[in-house]
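Contents: one structure, followed by commentary.
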Amino acid sequence: MTTTELPGTRPPETSGARLVEWVVTVDHKKIGLLYLGASLVFFAAGGVLAMLIRAELAAPGLQFGLFAGLYSWFPKMFGRMLAVAGLLFLYNVVVSLARGELAGDDPWQANSLEWVTTSPPPAHNFHQLPEIHSERPVYDLRRGLEHPETGAHTDPQTKPDRG
């Protein structure tokens, strides 16, 4: 028995690609199922932990083997991690204020018109409105294009030598 495939199609994958497809999906139905599944899993885990706490309250000193030291260890660990993150943030703020470079007028090399003006912008932004001939007017201005035609050739993703 022979099978014919249409041009541009491929057989369904049977590997881990389906799992990746579920994790990175934008399909609202799959996202809803993932949300529902995660909610049920965490609801069940919370119920189990709540029952363990109630059992310890019913019989003081009762400890369950695997969870014996976790109730005091987890809050301490996460508290320390939060403190380290806060200290790193404060260090970054102090170093940036002391030695950091000032951002210029367009630090991101963005393609939209709000980055053409100075920072902070004047009250009127532009003396006269610029002519726009493509969806990326600042991109075209940087490349020295006077009047680019709207189309795929102004898109750096389709023409890598332009971006």
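Structure values in brief
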| quantity | calculated |
| --- | --- |
| Sole residue being in contact with a helix residue (DSSP H, G or I) (Cβ under 6 Å, 6 or more places away or on another chain) and either modelled with pLDDT of 80 or more or of a type in the set (A, V, I, L, M, F, W, C) (or both), chosen from L62, L70, L57 | L62 |
| Selection within region 131-163 - part of a loop (DSSP other than H, G, I, E, B), at pLDDT below 75 and surrounded by 12 or more Cβ atoms within 10 Å (Cβ to Cβ) | L145, P148, D155, P156, G163 |
| Odd one out for G46 among (1) of a type outside the set (A, V, I, L, M); (2) part of a helix (DSSP H, G or I); (3) at pLDDT below 85 | (3) |
| Conditions (1) outside any helix (DSSP H, G or I); (2) at pLDDT below 75; number of the one not met by T117 | (2) |
| Some residue of region 16-31 being part of a helix (DSSP H, G or I), modelled with pLDDT of 85 or more and surrounded by 11 or more Cβ atoms within 10 Å (Cβ to Cβ) | yes |
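The values are calculated or read from the model by the stated rules, or taken from the named source; none is laboratory data. Since the structure is predicted, the reported quantities are computational estimates derived from the model, not experimental observations. Cβ: placed from backbone, ideal geometry, glycine included. Neighbour counts: every protein chain shown.
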